[in-house]
Amino acid sequence: MSGDFVTDLAVSPDGSLVYVTGRSGRDNPANPVNQTFAYDSASGDVIWSDRYAPGSQHPPSLTVSPVGDRVFLTGESGYIPNDVLTLAYDARTGEILWRTRYDGPIHGYDYGVDVTSGPRGRRIYVLGASPSYYDPECGDGEGCWFNDLVTIAYRAEDGEELWARRFGKKRRYETPDVIVANRYSVVGADRAWPTSVVAYDARDGTQRWVAHPEASTKALALGPDGRRLFFAGDEEATGKWLTAAFSTASGRMLWSKDFWGPLESWGRVLGLAPSPDSSRLYVVGYVDSRVAATVAYDAASGTQLWASLYEGESPYYGASAAAVDVSQDGSTVFVGGGVLVGSAQSAYLTLAYSADTGDQRWLAIHDVGGDARQVLCCVAAGLGGVFVSGTAYVPVPGEQYPDPNYLTVAYDT
C-alpha cells in the first residue's frame, strides 16, 4: 500500500520542537523510505524533513539527545544486503551529522527496531534483529532466516561503534521490540513467546542477566532513579495483562501483577510510563476487547492504586489506549488511543487523568471526518503541550484502498 505511516514521536527537552518519523511509500510503494519531520510545537509548521533509505520494510524509531541538540534514528538501510541503519541529525536543521551501518556475521537481513540515548548523551544504544544462520529446508523448502537480538552501542558524537552484543535462541521469528538505558545498564527485549529481557553493562556490553517473563513484551521502561526496570505484556492465550518490576542490577523480579477487565475477556497491553519521581507506574491498553484501560501501580510494591476505563461514546462503543506519557511535574497522565465514531470509522482519542486519583481531567476526540479511519501510535508530553501522532486512512473515490497520511495533533495540557 502507498502512503505514509507514523511509527514514532518525540519532543525536544525544551518543548519547542516535535519530531515524527515513519515510512512513506507515496512515491514508490514497492520501495518505501524512512520519512522524518520536525515541527514547531507552537504552530505545527515544518522546520525540516528528511527522506532516507529506499526499500525500507521495517518501521524506523527515533530519540532525542538529553540536551536536545541531536535526533537519532534507527531502521534499515534498504535493498540487499540489508543492514541496521542509524543516523544522527542536527535537531534544529535536519543536517545529517553521521550515518552508520551494522552488518551481521552472515550478511543477512539486519534491521534496527528501537534506539535510546544514555542519560548523559554521550552514547546511544540500538536494538535490532540480525540473522545467525539460514536453514534452506525450513518453510516447506523455501528456506528460513533465524535471527538473534543485536544490541549496539555507538558514540553519540561521531557514530563510532563501541560494542555490539548478540543474544540468540535460534528462533525463526525473533522480533526485537524495545531498548532502554541508564548510566549503568542497557536492557532490550523481544516480543516472542516466551519473552527474553536481556541486560548489559552500558560501559562494555558485558551481559549482566536474562529474564523470561511469562508474557509477550509490549512495553519496557527504566524508572528515572535507575533502580527498577518495568515490564508490561500480556498472556498469549488469554490476553490477561502482566506488569512486573525487576531489579536493574540483578534482574531479580521484585513484583508481578495481573490485570483483567470486568468481563475477564480479551485484552492487550500497549504502553507504560513511570512517573518522573519513580514512585508510580502507569500501564495502558484495552480490556474486554473494546474498552480503553489505564492502570496505576505503586512502583515499589506493585500495589494497584487506581484503574480508569473508557468504552467510547454512544452509539459506537469501542475504544483502545495505545500510548501513555506523564507530565514533567508528575501531576497528569496523558493517554492516547482510538475511539469508534462510526460503524467502521475511528478517531484519535486523548485522555488526561489525575495522576493521584485517576479522575478524568479532560477528553479530546480528533476526527478528520468522512469515512476516515485514524490509528494513533504515539503520545508525548513536553513543555509546549501534549502531542499525539499516527496515521489517518482517508478513503479515495474510485480507489480500493484508503490513502494513509501522517497526522499529528497538539493540545494544551
> Out of all the residues in segment 341-395, which are more than 22 Å from T63 (Cα to Cα) and among the aromatic types (F, W, Y)?
Replying inline: Y348, Y353, W362, Y393
>> Against the condition surrounded by fewer than 22 Cβ atoms within 10 Å (Cβ to Cβ), aliphatic (A, V, I, L, M), under 17 Å from E160 (Cα atoms) and in contact (Cβ under 8 Å) with a residue 40 or more places away in the chain, how does I124 come out, does it pass?
In response: no
>> Being crowded, with 21+ Cβ neighbours inside 10 Å and either aliphatic (A, V, I, L, M) or touching a Ser or Thr at 6+ places or on another chain (Cβ under 8 Å) (or both) is the filter here; which residues of segment 311-325 pass it?
In response: A319, A321, A322, A323, V324
> Does G55 count as modelled with pLDDT under 95 and not in a loop (DSSP other than H, G, I, E, B)?
Replying inline: no
> Among the candidates L229, L272, which residue alone is over 18 Å from S320 (Cα atoms) and part of a strand (DSSP E or B)?
Replying inline: L229
> Considering only residues of segment 288-315 that are in a strand (DSSP E or B) and not hydrophobic (A, V, I, L, M, F, W, C), which is nearest to F334 (Cα to Cα)?
Replying inline: T294
> Any residue at all in segment 177-191 that is in contact with a Lys or Arg (Cβ under 9 Å, 6 or more places away or on another chain), among the β-branched types (V, I, T) and free of Cβ contacts under 8 Å to residues at least 60 places away in the same chain?
Replying inline: no
> Pick from S301, S275, S256: which is surrounded by fewer than 16 Cβ atoms within 10 Å (Cβ to Cβ), touching a Leu at 6+ places or on another chain (Cβ under 8 Å) and under 28 Å from D201 (Cα atoms)?
Replying inline: S256
>> When you check G94 against the structure, is it over 29 Å from R373 (Cα atoms), surrounded by fewer than 24 Cβ atoms within 10 Å (Cβ to Cβ) and in contact (Cβ under 8 Å) with a residue 12 or more places away in the chain, yes or no?
In response: yes
> For segment 103-160, which residues satisfy the criterion of being more than 22 Å from the chain's Cα centre (by Cα), among the hydrophobic types (A, V, I, L, M, F, W, C) and not in a loop (DSSP other than H, G, I, E, B)?
Replying inline: C144, W145, F146
>> Anything in segment 356-370 that is part of a strand (DSSP E or B) and either without any contact (Cβ under 8 Å) to a residue 40 or more places away in the chain or of a type outside the set (S, T, N, Q) (or both)? List them, or say none.
In response: R361, W362, L363, A364, I365, H366
> Among the strands (runs of 3 or more DSSP E) contained in segment 316-355, which hold 2 or more residues that are small (G, A, S), in contact (Cβ under 8 Å) with a residue 40 or more places away in the chain and over 14 Å from H366 (Cβ atoms)?
Replying inline: 319-326
> All but one of (1) hydrophobic (A, V, I, L, M, F, W, C); (2) surrounded by fewer than 23 Cβ atoms within 10 Å (Cβ to Cβ); (3) more than 30 Å from R290 (Cα to Cα) hold for A237; which doesn't?
Replying inline: (3)
> List the pairs whose first member sits in segment 141-153 and is over 13 Å from Y102 (Cβ atoms), whose second member is hydrophobic (A, V, I, L, M, F, W, C) and buried (at least 24 other Cβ atoms within 10 Å of the Cβ), and whose Cβ atoms are under 6 Å apart, counting only residues at least 6 apart or on separate chains?
Replying inline: N147/A129
> Looking at (1) touching a Pro at 6+ places or on another chain (Cβ under 9 Å); (2) of a type outside the set (A, V, I, L, M, F, W, C); (3) in contact (Cβ under 8 Å) with a residue 40 or more places away in the chain; (4) surrounded by fewer than 22 Cβ atoms within 10 Å (Cβ to Cβ), can you tell me which one G382 breaks?
Replying inline: (4)
> Looking only at residues in segment 166-176 that are at pLDDT below 75 and in a strand (DSSP E or B), which one is surrounded by the most Cβ atoms within 10 Å (Cβ to Cβ)?
Replying inline: P176
> Where residues in segment 385-413 are of a type in the set (D, E, K, R) and in contact with a strand residue (DSSP E or B) (Cβ under 8 Å, 6 or more places away or on another chain), which of them is surrounded by the most Cβ atoms within 10 Å (Cβ to Cβ)?
Replying inline: D403
>> Looking only at residues that are closer than 13 Å to A355 by Cβ and not hydrophobic (A, V, I, L, M, F, W, C) in segment 279-298, which one is surrounded by the most Cβ atoms within 10 Å (Cβ to Cβ)?
In response: Y282
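The values are calculated or read from the model by the stated rules, or taken from the named source; none is laboratory data. Model, not experiment: these values are computed from the prediction. All Cβ positions, glycine included, derive from the backbone under ideal geometry; neighbour counts span all protein chains shown.
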